[in-house]
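Taken together, the values in this text are just the output of simple stated rules run on the coordinates, not laboratory data. Small disclaimer: the values here were computed from a predicted structure and weren't measured. Please note: Cβ atoms are built from the backbone with ideal geometry, for glycine as well, and neighbour counts cover all protein chains shown.
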Amino acid sequence: MAQVLVAMSGGVDSAVAAALLVEQGHDVTGVHLKLADIALEEQVPGHGCCTLDDAQDARRAAQVLGIPFYVWDLSELFRREVQDPFARAYAGGVTPNPCVTCNERVKYAGLLQKSASMGFDALATGHHARLRRNGAVVRTPGPATRLHRAADRRKDQSYVLYVATPEQLDRTLLPVGEIEKDEVRRLAHLHGLRVADKPDSYDVCFIPDGDTTRYLGQHLPARPGPVVDLDGRRVGEHEGVWRYTVGQRRGLNLGTHERRFVVDVDAASATVRVGPREALACSWAEVGAPTWTTGDVPSGDVRVQIRAHGATVPGRVETGGDDAVRLHLDEPVHGLAIGQAAVVYDAADEVCLGGGRVTRAERPAGLPVV
């Protein structure tokens, strides 16, 4: 069997992933990553994934399973590669996805590279996604691995793993992607893991209270500007474009009773534009520097997913003369923002083929495409 490094977040999924690998006979080592450097008094148990409680829960799970365990402090790398770009993106009128960035540069790809340099054959995580090789379940690292949606579609996390290259998938194991979440918790109880009933965390890990505006306000200066309707009429004021994202409806405080959504965020002029929901309809988007999990650009009919838990829409991938590709959407998507991840699946909506971050998209009439 293989020498496997398991990323143990302190949650039930990664603990059960380690347990399953031990049962399968692998030589398993657990590692907990200290990512966000959050003051103890600001930590919220059950929120985020970087608390002292999480590290202790991961250590206890490793002790129960009888596997070696380490804590690696990657907080400086995390700050440089995830937290700082997160704030800069909002300041520039872009909507980032920090979970994708973390997987791309730290938690998944970065850790995978480090594990290989230390002699491990594979990296395992608690992500809910499935790996297949010639149609069979993958339980050992090897070539020709394909990334599929999780058995439990409600918990599917293939969206945030679209950044994986074929070479990375060949050295990855995702044990819990094959089972339903209820079964994960049952197995945790069976193995005596105290995290069996620990709630899932849905917050950005470095914003444990979930208040993104408050967090950004601590890192970005106020820069007031106008809120205008699509016809240029001034309908309000704002304190900084980083408070808004395309598709937002709440918290606009406009001088109009008409239902309005944010349709454009122009950081250069500090202008936020609003309009009716139909102005959010987008029938195409371009993604820069895409990654393809199979190594090839998809052809033919595909499905495109814009949000981590959003529905997919049918479409096609068109290649150009540079690294960017255009995704044509057969059904309009509302509220697509620059910076979001657009992830491509096969026509059956089962195999994750890859994707990239949106760099250009269709915009309301009268606004330039940037």
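Translational diffusion of the chain, estimated by Stokes-Einstein from the Kirkwood radius over alpha carbon pairs at 4 °C in a medium of 1.567 mPa s, is 60 µm² per second.
Can you give me the convex hull volume of the Cα atoms of the stretch 3-197, divided per residue and expressed in Å³? Numbers along the way, then the final one.
Working: hull volume 23.8 nm³, N = 195.
In the stretch 3-197, the Cα hull volume divided by residue count equals 122 Å³.
Given that compact globular proteins tend to follow 2.2 N^0.38 Å, what is the ratio of the alpha-carbon Rg of the stretch 279-361 to that value? Mind showing how you got there, number by number?
Details: Rg = 11.3 Å, N = 83, 2.2 N^0.38 = 11.8 Å.
In units of the globular-protein estimate, the stretch 279-361 measures up at 0.96.
Entry note, the chain: the mean residue ellipticity at 222 nm calculated from DSSP H runs of n ≥ 4, each adding -39500 (n - 2.57), is -6000 deg cm²/dmol after division by the residues and rounding to the nearest 500.
Simple point charges give the picture: +1 on the Cβ of Lys and Arg, -1 on the Cβ of Asp and Glu, and for the chain a dipole about the Cα centre of about 240 debye. Between the stretch 249-321 and the stretch 166-228, how far is it from one alpha carbon centroid to the other, in angstrom? Computed from Cα coordinates, the inter-centre distance equals 23 Å. Among the listed pairs Lys114/Lys198; Lys34/Lys198; Lys107/Lys155; Lys34/Lys181; Lys34/Lys107, a Cα-Cα separation exceeding 21 Å is found for Lys114/Lys198; Lys34/Lys181.
Packing-wise, with mean Cβ within 10 Å as the measure, how do 166-178, 144-156 rank, highest first?
166-178, 144-156
For the chain, set up a GNM with springs between Cα atoms under 10 Å and report which of Gln24, Gln157, Gln218 has the largest fluctuation. Largest GNM mean-square fluctuation: Gln218. Figure legend: label point modelled 7 angstrom from the Cα of Ala348 along Cα→Cβ; residues of the stretch 141-163 with amide N under 17 Å from it are 145-153.
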